[in-house]
Amino acid sequence: MTPPSTQDPLALSLPESATPAPALRAAASVPPPLGLLAELTHRCPLRCPYCSNPIELARQAAELDTATWLRVFREAADLGVLQLHLSGGEPTLRRDLPDLVRGAAEAGLYTNLITSAVTLDAARVNALAEAGLDHVQISFQDADPASADRIGGYAGGHAKKLTAAAAIRAAGLPLTLNAVVHRQNLERLPEMIDLAVALGARRMEVAHVQYYGWALANRDALLPTRAQLDAATATIDSARTCLKGRLTIDYVVPDYHAARPKACMGGWASSVMVVAPTGRALPCHAAESLPNFDFPDVRTHSLAAIWNHSEAFNRYRGTAWMTGPCAGCPNAEIDWGGCRCQAHALTANASNTDPACALSPHHALLATALEHATTTHFTYREPGRPPAR
Ligand code: SF4
Ligand code: SF4
């Protein structure tokens, strides 16, 4: 699915009734995660060139079954999780989605569906609403239909999203519009904001592409110019003022023009737990790109044990693991050394300082990448064919 923001991961407004039970907080050895991102499947009809799903996608036969997901949701609620994000791939391809929503609601979780929406019609939306779904996020690839369909690699997808958004609002569900932005759609950011307003969204997340996995293979076609970034930031500032009280806009800036990294996921294993379609538990949705990890499986380990005690979740927690410029840096507990997946993708060592930081000895790699970003050609996923890079 559209990569969640890695700056303010999976931020949503919660009803006041969704306050964690103090007893649950006290029971854990580390603060519990706020959110669980359940990647129900890697299957998806779209082929976005920045997709955050792994290069090797999980097969349908390897996906967790209904009963296991429902047990995971109950364990999440017991652990103190408040928000459940049902994502993918395209989560609506799971036929048991209404059952999963109903089970999560019964466990007391606030349920958010993150979808491309091309498979949603009014009947399916109403069934999900009746099952207890609380909120929907739809990803839009562009405001221009032809460009949106080209970017998503799916003819007619944009029109289907518009129909689905209307059905979601008609069902009384709150809607967030997700826009992943890059060099080939940034010029239409004002139109994307207009689209969010026209569709009745109350929140919009504008997130620049994060460059790992498939997005790294398409980096030369996606990286924005400095002028585009400055124009986008001005557009966001202006829209936030004009639309105050009507549309909340979250904005995730790109790393490649930055001097300091983002606090990726708010810090490793600090607020969100991810469960991949196969049952592997991850500290972030891109962590499967990291080598030399034994990510625990929810089939054989409880969420509480994974969150509190697994080596994978504790390896980069806090600041004790830091070396190089991060060790002793006054920003260490602000940005947590940046993104481990980006450090690995660009330096082949996940323990390095994120090269987005100007203090990193690898920071020049980003300027070099910007100089090479001149093509408009996308490499799309093809079954059994890895990206060239
Ligand atoms: S192809 Fe696009 S819509 Fe599908 S999972 Fe990837 S980013 Fe999401
Ligand atoms: S050296 Fe590390 S902690 Fe300091 S600003 Fe850079 S990434 Fe952040």
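Worth pointing out:
- Filtering THR111, THR115 for residues that are touching an Asp or Glu at 6+ places or on another chain (Cβ under 6 Å) and crowded, with 24+ Cβ neighbours inside 10 Å leaves a single hit, THR111.
Okay, residues lined up against (1) closer than 20 Å to LEU109 by Cα; (2) assigned to a strand (DSSP E or B); (3) within 16 Å of ligand 1 (Cβ to nearest atom):
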residue: ARG43; (1), (2), (3): no, no, yes
residue: LEU46; (1), (2), (3): no, no, yes
residue: PRO49; (1), (2), (3): no, no, yes
residue: ILE55; (1), (2), (3): no, no, yes
residue: THR68; (1), (2), (3): yes, no, no
residue: ARG71; (1), (2), (3): yes, no, no
residue: ALA76; (1), (2), (3): yes, no, no
residue: THR92; (1), (2), (3): yes, no, yes
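- Failed item in (1) under 19 Å from the mean Cα position of the chain (by Cα); (2) modelled with pLDDT under 95, with ARG59 passing the rest: (1)
- Test result for ALA164, under 13 Å from LEU120 (Cα atoms), assigned to a helix (DSSP H, G or I), more than 16 Å from ligand 2 (Cβ to nearest atom) and modelled with pLDDT of 95 or more: yes
- Checking ILE306 against (1) aliphatic (A, V, I, L, M); (2) surrounded by fewer than 21 Cβ atoms within 10 Å (Cβ to Cβ); (3) over 17 Å from LYS262 (Cβ atoms), the condition it does not meet: (2)
The values are calculated or read from the model by the stated rules, or taken from the named source; none is laboratory data. The shown structure was predicted, so the numbers you read here are calculated from the model rather than taken from an experiment. Here Cβ is always computed from backbone atoms with ideal geometry, including for glycine, and neighbour counts include all displayed protein chains.
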